Amino acid sequence: MIRRLGRFLAALALTAASTVAGVTLTAGAAQADGCYTWGRTLAQGASGEDVRQLQIRVAGYPGYGAVLTLDGAFGPATRSAVIRFQQAYGLPADGIAGPQTFNRIYALQDDDCTPANFSYPELNKCNSDWSGGAVSASTARFNALVSMWKLQAMRHALGDVAISISSSFRSYACNSAVGGASNSRHLYGDGVDLTGSPSFCRLAQQARNHGFGQILGPGYPDHNDHTHVAAVGGWSAPNCGI
Ligand SMILES: [Zn+2]
């Protein structure tokens, strides 16, 4: 709590400094946030790290079969994703990320930038430092973060149901131990195995709308007891019509 208050005060100080410096804070009423605070309204044509941070948060809203590119350039695909996000939360859907959109994101995210209903430990039951996979630890951790935001969107679309994760990031050692494929996306941090309810097919079908380039589920070898989602790799869940 104290740490959180400290961050809040630090963010307030930053806001004040930015105002003094003459930066237009069109996000105005947006609350200070322990993770990331946007300092301007973003619309198509904008570019920069703040756009990229927005893209991460709306990565779960690319539309059916699409994957949003996290390139920091606010183009038509980002605008469409923002519109879908706004629609999902009952906001005016103008495709422009302003105070209302940012406040909705702030309400959804924790101080470590993960979405409210998912956490880093949940995505890494293999080790504590994300090392030993196919990419650097920081990349694996980032890839997991993006998958979490996609899952947050999917969870909301399913009626804010809890989604259970049985396995996500794996080092090569952890992957071998569970007999994972040698090129498994779990080695990259973005692969996530979903269990529990809704049904595996319901999860696989819904995942098609939320930026998962890879969906493997019932009917695909070794995937009758979970649904696997990841950033890239293609879809196959024959028993679910996928
Ligand atoms: Zn998997």
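Since every read-out is calculated from the coordinates, none of them should be taken as a lab result. Please read all numbers here as calculations on a predicted model, not as lab measurements. Counting neighbours? That spans all protein chains shown, and the Cβs are built from the backbone with ideal geometry, glycine included.
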Check: Could you give the alpha-carbon Rg of region 96-242 over 2.2 N^0.38 Å, rounded to two decimals?
Finding: 1.02
Next item on the list: Would you list the membrane-span-like helices of the chain, meaning whole DSSP H runs whose alpha-carbon atoms span at least 15 Å along their axis and whose mean Kyte-Doolittle value is at least 0.5?
Entry: 2-20
Check: In the chain, which Cys residues have no partner Cys with a Cβ closer than 4.7 Å?
Finding: none
Next item on the list: Quick one: dipole size for region 109-242, taken about the Cα centre, charges +1 on Lys/Arg Cβ and -1 on Asp/Glu Cβ, in debye to the nearest 20.
Entry: 300 debye
Notebook entry, point to check: With charges only on Cβ, +1 for K and R and -1 for D and E, what is the dipole size of the chain about its Cα centre, in debye, rounded to 20?
Noted result: 220 debye
Check: With each run of n ≥ 4 DSSP H residues scored as -39500 (n - 2.57), what mean residue ellipticity at 222 nm is computed for the chain after dividing by its residue count and rounding to the nearest 500 deg cm²/dmol?
Finding: -11500 deg cm²/dmol
Checklist line | Descending semi-axes in Å of region 131-192, equivalent ellipsoid built from Cα gyration tensor | finding: 24, 13, 7
Item checked: Cut-off under 5 Å, modelled amide H: who pairs with SER164 long-range -> THR195, SER197
Next item on the list: Only Lys, Arg, Asp and Glu count, each charged at its Cβ (+1, +1, -1, -1), so figure out the dipole size of region 170-242 about its Cα centre, rounded to 20 debye.
Entry: 120 debye
Item checked: Rounded to 5, percent antiparallel among DSSP beta bridges of region 177-242 -> 65 percent
Margin query: Quick check on the chain: of the DSSP beta bridges with both residues there, what percent are antiparallel, nearest 5%?
Written below: 80 percent
